[in-house]
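The values are calculated or read from the model by the stated rules, or taken from the named source; none is laboratory data. What you see is a predicted model, and the numbers here were worked out from it, not measured in a lab. Positions of Cβ are generated from backbone atoms using ideal geometry, with glycine treated the same way; all protein chains shown enter the neighbour counts.
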Amino acid sequence: MKLASHLAKSRHGVFYFRLSVREGSATREKRVSLRTTNPQEARLKAACLSGIMAVHKQEQQRAMGEARFNAAQGIAAQDPDGNLLLNLLRRVDPERLAELAGRPLSEVNELLNGASETDVRRLDIELPARKGCRNSEGTAL
């Protein structure tokens, strides 16, 4: 009988659930005894364990995403009228940012320190309606 990749059988006939755990650059294998010698029961228990682990991993990823979102909200709340991107860039080391952007440090410092609301302009564009184009309400687009 061929075993699934996450199942292992000891020399005594007991089935184990194989769990690969990554620690840094090394991958270790942990084995959890399923306490059975019956292959069908081992498959069922292994499937249940896999489902539980998948749900747990999904919950962890959701929690990490919420933590990142909350961090971004906190940064945006520091200066609600300001520029979120500029606030994020100010948290990065200017020398590292200059290196990544391929620009001199003076330009990066000028960008980070010299930006203000007076440098921003608003541009509104109105496009003329095209003949024969109507939206769902029947008015011309």
From Arg35, Arg43, grab the single residue that is at positive phi and assigned by TED's automatic domain parsing to the domain that holds Phe17. Arg35
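Just to be sure, is Ala77 modelled with pLDDT of 75 or more, over 30 Å from Phe17 (Cβ atoms) and assigned to a helix (DSSP H, G or I)?
Details: modelled with pLDDT of 75 or more: no; over 30 Å from Phe17 (Cβ atoms): yes; assigned to a helix (DSSP H, G or I): yes.
No, not satisfied.
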Over region 4-22, the set of residues charged (D, E, K, R) and under 21 Å from Ile52 (Cα atoms) is Arg18, Arg22
